[in-house]
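Please read the structure below before turning to the comments.
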Amino acid sequence: MTDHQTYPPPPPTFDRSLPSCECPADCGGRPEALLRLAPAYPTVRDDGTAKPPEHPHSPTKRGELVHDTLNQRTGVFMDRVGQLVYLRPARGGPEWEVDAKWLVSDR
């Protein structure tokens, strides 16, 4: 084998069990397979009337149970990127994100 020898790329794998996306944007989504491109839990937008708690909780341990006061949901802390906190339902399910200022301890 020489240093200049190249190999052809592997053949692409096609999922033939479901039809491809036919939307005008050709987004590649497969709603039939419950594969979503949008968040599973729409985040409630702050319309100016909601106020964050006076003493927000800043979770540090993965698996910690916290309450999201903006969306009125309790979730398990998964990760944090800057001020965004990623939560998941305690019994499993898709993650959602919320600003850390909306969290309180679920004790």
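The values are calculated or read from the model by the stated rules, or taken from the named source; none is laboratory data. Fair warning: this is a prediction, and the values are worked out from it, not measured in the lab. Don't worry about glycine lacking a Cβ; one is built from the backbone with ideal geometry, like all the others, and counts go over all protein chains shown.
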Mind checking which residues of region 80-107 are of a type outside the set (A, V, I, L, M) and in contact with a Pro (Cβ under 7 Å, 6 or more places away or on another chain)?
W96, K101, W102
Go through (1) at pLDDT below 90; (2) crowded, with 16+ Cβ neighbours inside 10 Å and name the single condition L87 misses.
(1)
Considering region 44-75 alone, what residues qualify as being among the aliphatic types (A, V, I, L, M) and either in contact with a helix residue (DSSP H, G or I) (Cβ under 6 Å, 6 or more places away or on another chain) or closer than 11 Å to S105 by Cα (or both)?
L65, V66, L70
Condition first: under 12 Å from D99 (Cβ atoms), loosely packed, with under 14 Cβ neighbours inside 10 Å and at pLDDT 90 or above. Can you find one or more residues in region 58-68 that meet it?
yes
Look through region 29-57, keep the residues that are under 13 Å from A100 (Cβ atoms) and surrounded by 10 or more Cβ atoms within 10 Å (Cβ to Cβ), and return whichever of them is modelled with the lowest pLDDT.
P52
Subset of region 53-107 [β-branched (V, I, T) and in contact with an Asp or Glu (Cβ under 8 Å, 6 or more places away or on another chain)]:
V66, T74, V76, V85, V98
Of all residues in region 69-84, which are buried (at least 16 other Cβ atoms within 10 Å of the Cβ) and among the β-branched types (V, I, T)?
T69, V76
